[in-house]
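Just below is one structure, and these are the notes that go with it.
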Amino acid sequence: MRMLTLHCDYIKFKPLKKALKNAEELKDKGEIQVKEPLVVLTAVENGDDSKTVAQLIAAVKKTSGEVKTRNIVLYPYAHLSSNLAPPDVALERLVEAEHTLQKEGYKVVRAPFGYYKEFELKVKGHPLSELSKEFRAESLAITPKEMIHRTQEIIEEKYDPKQLLRQISKTKLDSSKLKDNDHRILGQKLDLFSFSEVAPGMVFWHDKGWTIYNELINFWRDEHKKARYKEISTPQVLDKKLWQISGHWEKYRNNIFLTDYEGRQFAVKPMNCPGGMLVFKSQQRSYKELPMRVAELGIVHRQELSGVLAGLFRVIKFTQDDAHIYCTEEQLEDEISNVMNLIDILYKKFNFDYTIELSTRPEKRIGSDKLWDKAESILSSVLKKKKIKHKVNEGDGAFYGPKIDFHIKDSLNRTWQCATIQLDFAMPERFELEYTDKDGSQKRPIMVHRAIYGSFERFIGILLEHLNGNLPAWLSPIQVRVLNFTDRNTKAAEKIISQLKEEIPQLRIDSDFRNSTVNDKVRDAEMQKINYVIVIGDKEEKAKTLAVRERGNDKPKFGVKIDSFIKDLKEKIEKRV
């Protein structure tokens, strides 16, 4: 049995038509809405029995207790598994879970089984709002004797590399229900990235996609250097003890990849924060070093059920643009304001509008009310001084402190929570972070977590759909393509390419000298979303000018001087406009 729990502000769902002949009969087929629920997306698998249901119920009770809700929505969600139980068995298990939870005092709504349904939900943003788990029936469990036998089989295993290679296939994309600007379709058309079943939820970046990725990093690094951040890199695999100290072991153990080394258990990091703590603790710190701004482009891994993976939007391996700021209470307000300014710079570069939400103390939290009063007051004060309209989400803060979340709006009017600023009083305490103050006493710094892109992978997916793949010149994998009108113009076109490369060394330029019509070659360049297409014919060769077609324009500009084109393009790339 597999489940994905989502702590939501609300969920709405409505049965549309039967997906199974033996779907349960419904008295009411109207829309159902539940507020403040724990939504349990569930896939019942072959072999699941009452003991598996008991495991499910125990997990639901634990999570509902942690997020403080008694409203449970059991939602059949077959997409989580490819090993589904027969429909009658699946329905029986779900009804069993429903009745058991109701007997224990929970308000349970079970979405209809065997129907196509439309649904809408809004997931909260705290650490426990999205959790995935898998349960195995005892009948499917492996005994120690079987484990020894299987281990011996692996040792003696004989395999045919060619046969294994045939089993490894590129993940096929079903585009029948996707819009043309879906980033997964654009990723294929523009040859940006791909996925494979050998690494579920992990991106294989192609040359062109990796170019976009690295240009975003270059922009990020330039702005962070201006803002006086230090960049670090921490290991991806760390001892279990570190995650127990940080508290992630208790909260995220089911979503962490684990491995053993010389009798010690290690975790592939799901977050960057604990490693950053050790960098701060690596030497005695002084008040003179504060505020200390430390950024990391950290690769993290989180276990996710295969059914919830969605292109670049939800992956297992991704890069977070984390930063942690260590400062005094007096410095805190300025630091938060500076982070907001940096977020504004990066988002405006891509023409993203955004809204801001302030999330306050949850019921389950650490720290005194006095400390929370002070933290919330500081965040509220910054927003008021900057005269920023914002929504207050009562009780939706992290367990360690309040936060400010930034929701960007794309060209389809969808909103995405990407950037976040979080105050943290727990980590400095747990890791006993200290600095020496002016009077020689040891003080504890206040810590700010923040991210701007959030996940690089998801941000690129959002950006591709927002711009329909029409990236600005500084970000495009191919910025210029040069075409020859006829074969006799090829040498002149090659000369133009050499001149452009010499004047703009970082220019990404290619050519199309195929024996085809100019219209065909221009059409191919447009399909590839190339910013500038230069055509060199007899007139251009004789006048030493260019015919330039800018992406989005139906007609080219003739008689463009080479020096003028170089100056304009160089400025756009260097200034990232």
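Of all residues in the range 12-23, those that are under 27 Å from E36 (Cα atoms) have Cβ atoms under 9 Å from Cβ atoms of residues that are polar (S, T, N, Q), 6 or more apart or on another chain, in K12/Q33; F13/Q33. Screening G552 with (1) assigned to a strand (DSSP E or B); (2) at pLDDT below 95 gives one miss only, at (1).
Which of the residues belonging to the range 474-488 are within 18 Å of V548 (Cβ to Cβ) and surrounded by fewer than 21 Cβ atoms within 10 Å (Cβ to Cβ)? Across the range 474-488, the qualifying residues are W474, I478, F485. With respect to being under 29 Å from G461 (Cβ atoms), in a loop (DSSP other than H, G, I, E, B) and not assigned by TED's automatic domain parsing to the domain that holds L41, L312 fits the description. When residues in the range 24-47 are screened for being touching a His at 6+ places or on another chain (Cβ under 7 Å) and without any contact (Cβ under 8 Å) to a residue 24 or more places away in the chain, 0 of them pass.
Of the residues that make up the range 292-303, is at least one over 30 Å from L41 (Cβ atoms) and not aliphatic (A, V, I, L, M)?
There is at least one residue in the range 292-303 that is over 30 Å from L41 (Cβ atoms) and not aliphatic (A, V, I, L, M).
Residues that are surrounded by 15 or more Cβ atoms within 10 Å (Cβ to Cβ) and under 27 Å from L346 (Cβ atoms) within the range 228-245 comprise Y229, I232, T234, Q236, listed in sequence order. Taken as a whole, the structure leaves S516 outside the set of residues that are modelled with pLDDT of 95 or more, surrounded by fewer than 21 Cβ atoms within 10 Å (Cβ to Cβ), farther than 30 Å from M340 by Cα and not aromatic (F, W, Y). Of (1) surrounded by 15 or more Cβ atoms within 10 Å (Cβ to Cβ); (2) under 19 Å from A199 (Cα atoms); (3) among the hydrophobic types (A, V, I, L, M, F, W, C), W249 satisfies all except one. Which? The number of the failed condition is (2).
All of V533, V560 fail the test of being outside any helix (DSSP H, G or I), over 30 Å from L412 (Cβ atoms), β-branched (V, I, T) and at pLDDT 95 or above, apart from V560. Does the range 364-377 include one or more residues that are surrounded by 15 or more Cβ atoms within 10 Å (Cβ to Cβ), touching a residue at least 60 places away in the same chain (Cβ under 8 Å), out of contact with any Cys (no Cβ under 9 Å at 6 or more places or on another chain) and among the small types (G, A, S)? For the range 364-377, residues surrounded by 15 or more Cβ atoms within 10 Å (Cβ to Cβ), touching a residue at least 60 places away in the same chain (Cβ under 8 Å), out of contact with any Cys (no Cβ under 9 Å at 6 or more places or on another chain) and among the small types (G, A, S): absent.
Only residues that are touching a helix residue (DSSP H, G or I) at 6+ places or on another chain (Cβ under 9 Å) and more than 21 Å from I245 (Cα to Cα) were counted across the range 412-444, and they come to 9. Screening the candidates I356, I366 for the property of being in the same structural domain as I452 (by TED's automatic domain parsing) and under 20 Å from I452 (Cβ atoms) yields one hit, I356. Residues of the range 531-561 that are under 24 Å from Q506 (Cβ atoms) and in contact with a Ser or Thr (Cβ under 7 Å, 6 or more places away or on another chain): N531, V560, K561. Residue count for the range 126-145 satisfying the condition of being among the small types (G, A, S), over 27 Å from S359 (Cα atoms) and either at pLDDT 65 or above or crowded, with 16+ Cβ neighbours inside 10 Å (or both): 1.
Taking the stated definitions as given, is D520 more than 32 Å from the chain's Cα centre (by Cα) and in a helix (DSSP H, G or I)?
Details: more than 32 Å from the chain's Cα centre (by Cα): yes; in a helix (DSSP H, G or I): yes.
In short, yes.
Any residue at all in the range 494-506 that's under 22 Å from P556 (Cβ atoms), assigned to a helix (DSSP H, G or I), touching a residue at least 12 places away in the same chain (Cβ under 8 Å) and of a type in the set (D, E, K, R)? The answer is yes; a qualifying residue exists.
The values are calculated or read from the model by the stated rules, or taken from the named source; none is laboratory data. In this text the structure is predicted, and so the values were computed from the model without any measurement. Every residue, glycine among them, receives a Cβ derived from its backbone with ideal geometry; neighbour counts consider all protein chains shown.
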